[in-house]
Structures are given as structure tokens and as C-alpha cells.
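This report refers to the structure that appears directly beneath it.
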Amino acid sequence: MAALGWLTPRRRSATARSVLAGEASAEAARKSEQELHEQYEQDQKKAKDRKDAEPPFPVEGDDKAAAFFDLDNTVMQGAAIFHFGRGLYKRKFFQRQELFRFAWQQAWFRLAGVEDPEHMQDARDSALSIVKGHRVSELMSIGEEIYDEYMAERIWPGTRALAQAHLDAGQKVWLVTAAPVEIATVIARRLGLTGALGTVAESVDGVYTGRLVGEPLHGPAKAEAVRALATAENLDLDRCAAYSDSHNDIPMLSLVGHPYAINPDSKLRKHARERDWRLRDYRTGRKAAKVGIPAAAGVGALAGGTAAAIAVHRRRR
């Protein structure tokens, strides 16, 4: 402090206080650095302990386990039946005014990110009237073309990687959707999955009648389909996984031991958090899957997101 002798008492006092503040700040910074380092080490240890305690999933070679994936907005961006409608319009199956209805329903679905039963029922009724009188084989063949034209680029890479993790573990993977089973089967085959559960349209001698067998595979009906398939396949549902974006699929998700909320709507997100279910959101790339997923999956999911979906998601945060 002798170097400050030429200053006035007041200036010396102010300077001394500045020196004291600086030294105190430096000491606090060093102490904080040490505390942060210790906290980081503790957090890393806790994370490692949790990882070590959690068994690997999916379990390789577990033939009692399988995975069930919802399709619309879980595996694929948007609704399969709407994309199918676009392809049928291109092939002159119906008129322009019907295309406008399909376009509106698809726009609403992408902005809201959830299924509206009235919209979905209207879309199914439209599709049934359109395919009436056509052969099943014809629609299957057209479905292959429509997949390449409108659906392939809309597959969420993150969800696709989750499905692949189950396949790599030797487990069967099924799509479970309200979309027509023929469309779902095409998509499942093109993705290399085991098969698909979907809404069954009545056909006689290979020709569509324009009626359904039972009801659309939606909500509780999905859970019943999964339960029936699990019984037929001799699966243990407590060891199975299910993936969906919609609160309508809570019955299906609640049926299995490993439920996942993928790109969840607000109701499903709340339900999943209350029950400590795992969440994955590929619309923003914020959460990459932690189950057998390459790091690139999260990047691909981000690239595949639409501006509308991101905007809606941010509003919900």
C-alpha cells in the first residue's frame, strides 16, 4: 500500500477498496472453480452409477419382447392417409375439391401435431369411398409408389433408429396405426420392420366394398390389437416397448413395460412426465435417443423438422 502514498486519503481509501474487492473476487473465483469441479465430478459419478444400474435396453436376444410403434407423427411426419390421398389424386382417383379437403386436414395435423377424431374419421370415410370397387392388389402396388413419392422423406430418423435398435437386438417390430393395414404394411416392409397392425377395409374376392371390418384401429382398439398379437406371438408385455406421439395411445403405452412418448402432444407429455416415462422429441433435435442410437440420428431429426411443428412446439414449452 506504500505505493499509494502520493494519493489523497480519499483516493487511497477508494483504491484500497478496489484492490480488496479484486483480491476477494479472485479468491471467490478460485473457490468457485474448485466447488464447480467437485460438483461436476459428483454429477459424473451419479450419472455413471445410474447408467451402470440401468440394464441395457432393448435386451438382446429376448424373444419374449417386441416393440410397437404408432405411425403418424411418431415414425412419420404427418398422417399416412393424407399422403396416400395426395398420391391417389395424382392418379385421378378423385376430384380437386376432395384434394383440398385432404390438404386442409394435413395442414391442420402438422400445425397441431395431434390427431382430431373428427378430421381422421372424415379422412378415412373419404378414403373408403375412393377405393370402393378397386382391387386390393392395385392399391398395394400404388402404395409402393406413393411411399417413394411422399412418405420416404418424412420418416423421422430418430424414431427409425429406435426401431432398428430393437431389430438389431433380435426383436420383432410392428407398426400400430389407424391407417389402412395395406398402407401400413407397405411402410413396414420398406422400413424393414416385422409387420403392421392397421385398420382393415372389407374386401370381397380381392375388391374393396367401401366398408370397414369393425372400427378404425384407434385409441383403445390399438391396445386390444397389441394384446391380441402379444398372445398370438407368446410375448411378455412387461418386456415389450411401445412408442407414440398421441394421448389417444395412452392405453397402448400403458400396456407395456417400456412406454415412450415420441414427439408428444401436450396431454401425452404431461402424462408421461407424471409417470416418469421416457420422452424423445425429434421435432427440434433437442433430445437424441439414448438406446442404441448413432449420434447422427439427432442431427437428421433436426434437419427433418418443419417450421410449423417447431413453432407449435416452442409455444408449448
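Pull out all pairs, ordered by first then second residue, where Cβ-Cβ is under 9 Å, the residues are six or more apart or on different chains, the first lies in the range 212-238 and is on the phi < 0 side of the Ramachandran plot and at pLDDT below 95, and the second is of a type in the set (K, R) and crowded, with 17+ Cβ neighbours inside 10 Å. Listed pairs, sorted by first residue: L212/R124; P216/R124. Of the listed requirements (1) surrounded by 22 or more Cβ atoms within 10 Å (Cβ to Cβ); (2) within 22 Å of G78 (Cα to Cα), A152 misses just one: (1). Figure legend. Inter-residue proximity from the range 245-262: first residues more than 22 Å from R160 (Cβ to Cβ), second residues in a strand (DSSP E or B) and aliphatic (A, V, I, L, M), beta-carbon distance below 7 Å, spacing 6+ or different chains. Indicated pairs: L255/A242. Considering only the range 254-266, how many residues are out of contact with any Asp or Glu (no Cβ under 7 Å at 6 or more places or on another chain) and modelled with pLDDT under 95? The total comes to 1. Whenever a residue of the range 263-274 is under 13 Å from D249 (Cβ atoms), its partners that are among the charged types (D, E, K, R) and surrounded by 13 or more Cβ atoms within 10 Å (Cβ to Cβ), lying with C-beta atoms within less than 6 angstrom and at least six residues away or across chains, give the pairs N263/D245; N263/D281; N263/R283; P264/D245.
Name the strands (runs of 3 or more DSSP E) wholly inside the range 138-207 in which the number of residues that are without any contact (Cβ under 8 Å) to a residue 24 or more places away in the chain and touching a Leu at 6+ places or on another chain (Cβ under 8 Å) is 1 or more. Let's see the steps before the verdict.
Working: elements: 172-180, 195-199, 201-204.
So the answer is 195-199, 201-204.
Within the range 239-253, the set of residues being in a helix (DSSP H, G or I) and modelled with pLDDT of 95 or more comprises R239, D249, I250, P251, M252, L253. Candidates are the residues of the range 64-121 that are within 30 Å of A232 (Cβ to Cβ), at pLDDT below 85 and assigned to a helix (DSSP H, G or I); the one that is farthest from the chain's Cα centre (by Cα) is Q121.
Each row is one residue, and each column tells you yes or no for (1) within 25 Å of H83 (Cα to Cα); (2) surrounded by 15 or more Cβ atoms within 10 Å (Cβ to Cβ); (3) over 14 Å from the mean Cα position of the chain (by Cα).
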{"residue": "A178", "(1), (2), (3)": "yes, yes, yes"}
{"residue": "G192", "(1), (2), (3)": "yes, no, yes"}
{"residue": "A201", "(1), (2), (3)": "yes, yes, yes"}
{"residue": "L217", "(1), (2), (3)": "yes, yes, yes"}
{"residue": "A261", "(1), (2), (3)": "yes, yes, no"}
{"residue": "D276", "(1), (2), (3)": "no, no, yes"}
{"residue": "R280", "(1), (2), (3)": "yes, yes, no"}
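Among all residues of the range 200-211, there is none that is at pLDDT 95 or above and in contact with a Lys or Arg (Cβ under 6 Å, 6 or more places away or on another chain).
Before we move on, is W174 modelled with pLDDT of 95 or more and among the hydrophobic types (A, V, I, L, M, F, W, C)? Here the answer is yes, as W174 does meet what is asked.
The numbered conditions (1) more than 19 Å from the chain's Cα centre (by Cα); (2) surrounded by 15 or more Cβ atoms within 10 Å (Cβ to Cβ); (3) among the hydroxyl-bearing types (S, T, Y) are all true for T231 except (2). Of the residues I187, I142, the single one that is of a type in the set (A, V, I, L, M) and over 18 Å from the mean Cα position of the chain (by Cα) is I142. Looking at V131, is it touching a His at 6+ places or on another chain (Cβ under 8 Å) and surrounded by 23 or more Cβ atoms within 10 Å (Cβ to Cβ)? When the stated conditions are applied, V131 does not pass them.
The values are calculated or read from the model by the stated rules, or taken from the named source; none is laboratory data. Note that the structure is predicted; figures quoted are calculated from it, not measured. Here Cβ is always computed from backbone atoms with ideal geometry, including for glycine, and neighbour counts include all displayed protein chains.
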